[in-house]
Amino acid sequence: MIDAHALAYLLQAKIIPPSDIGTNVQLVLRWIHFLAGITWIGLLYFFNLVNVPFMKAMDAPTKGKVVPALLPRALWWFRWGAVVTVLAGFVYWLLILNTEPPPDPGSRTWTTVGIWLGLVLITWVISYFLVQVPAVTKNGWIVGVLVFFLVGAMGHLIISFNTYEGASNRALSIGVGGGIGVFMLLNVWGIIWPAQKRIIAWTKENAEKGTAIPPESATLARRAFLSSRVNAWLSIPMLFFMAAASHYPLFVGG
């Protein structure tokens, strides 16, 4: 049974939300980040765990009906969910960096962000060219191992270059997790969506006009599949570092 005194206390307790603007802005950003992230990563898991096996089981006429009807809408939410997730998380991280202890947090913030973004872009460009090599894309395990080492090196360098005096565990963990998230975003917009957009158009024309699907569709589908599968695996460490920001002092004591 609930103690009567405890119940009375709960009924009389007042809810007093924080009144400072910074705290409320951070809460709104995290809330948006979570909502968009659930949409993005949820669809990522849908594509990898449900859609890929389902598409393999369908014949060409069925694909001609399902693909143009299903994938454009799913991919719209997928790619824009990724954008909102990353943008909200990025602004949230900027606010954290800008409140870290002195000296000169403002100047240090942009130095940190510049190095971080440069490392992520370099890592993704290397990965992008790897998936253009047929000898590499023939075996998905090779792609996975290469990307694992690339992203692992990226995370190590992010910590090495951005461990300034007074850096918090939260700033460093989000730096690594966010770097992986931006890498995944670039895969979505740089590889997956451009390939799928063409494949959807070809599939629709084939169903409506009988136009032959170009042979290059197989290559594009393979690149999109491998990039999507890489993103699915990368989401695991990405979510780990995001959780570690508040709940696991991985890099420093605070």
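Only one of the numbered conditions (1) closer than 30 Å to VAL50 by Cβ; (2) in contact with a Ser or Thr (Cβ under 9 Å, 6 or more places away or on another chain) is violated by GLU100, and that is (1).
Taking the criterion of being assigned to a helix (DSSP H, G or I) and surrounded by fewer than 11 Cβ atoms within 10 Å (Cβ to Cβ), the residues of segment 55-68 that qualify are LYS56, ALA57, ALA60, PRO61.
Listed here are the residues, each with its yes/no results for (1) more than 17 Å from ALA245 (Cα to Cα); (2) free of Cβ contacts under 8 Å to residues at least 24 places away in the same chain; (3) more than 18 Å from the chain's Cα centre (by Cα).
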position: THR123; (1), (2), (3): yes, no, no
position: SER168; (1), (2), (3): no, no, yes
position: ALA171; (1), (2), (3): no, no, no
position: GLY181; (1), (2), (3): no, no, no
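How many residues, within segment 236-254, are at pLDDT 90 or above and loosely packed, with under 15 Cβ neighbours inside 10 Å? Residues flagged as at pLDDT 90 or above and loosely packed, with under 15 Cβ neighbours inside 10 Å within segment 236-254 amount to 2. Being under 14 Å from the mean Cα position of the chain (by Cα), under 19 Å from TRP189 (Cα atoms) and either modelled with pLDDT of 95 or more or assigned to a helix (DSSP H, G or I) (or both): is that true of THR85 here? Criteria met by THR85. Hey, any hits in segment 92-102 for a residue that's within 30 Å of ALA212 (Cβ to Cβ), of a type in the set (Asp, Glu) and at pLDDT below 95? For segment 92-102, residues within 30 Å of ALA212 (Cβ to Cβ), of a type in the set (Asp, Glu) and at pLDDT below 95: absent. Taking each residue of segment 242-254 that is closer than 21 Å to LEU157 by Cβ and looking for partners that are modelled with pLDDT under 85 and surrounded by 12 or more Cβ atoms within 10 Å (Cβ to Cβ) with beta-carbon atoms closer than 7 Å, six or more apart or interchain, yields ALA244/LEU250; VAL252/ALA167. Of the helices (runs of 4 or more DSSP H) lying entirely inside segment 123-235, those containing at least 3 residues that are within 30 Å of PRO249 (Cβ to Cβ) and at pLDDT 90 or above are 140-162, 169-187. Within segment 145-158, the only residue that satisfies the criterion of being within 16 Å of ASN187 (Cα to Cα) and either surrounded by fewer than 15 Cβ atoms within 10 Å (Cβ to Cβ) or touching a strand residue (DSSP E or B) at 6+ places or on another chain (Cβ under 6 Å) (or both) is PHE148.
Of everything in segment 20-50, what is of a type in the set (S, T, N, Q) and free of Cβ contacts under 8 Å to residues at least 12 places away in the same chain? Give them in sequence order. Across segment 20-50, the qualifying residues are THR23, ASN24. Taking residues in segment 196-216 that are free of Cβ contacts under 8 Å to residues at least 40 places away in the same chain, and partners anywhere that are outside any helix (DSSP H, G or I) and not small (Gly, Ala, Ser), the pairs with Cβ atoms closer than 8 Å and at least 6 places apart or on different chains are TRP202/THR211; TRP202/ILE213; TRP202/PRO214; GLU205/THR211.
The values are calculated or read from the model by the stated rules, or taken from the named source; none is laboratory data. Keep in mind the model is a prediction, meaning the values are calculated, not measured. With ideal geometry, Cβ positions are generated from the backbone for all residues, glycine too; neighbour counts draw on all protein chains shown.
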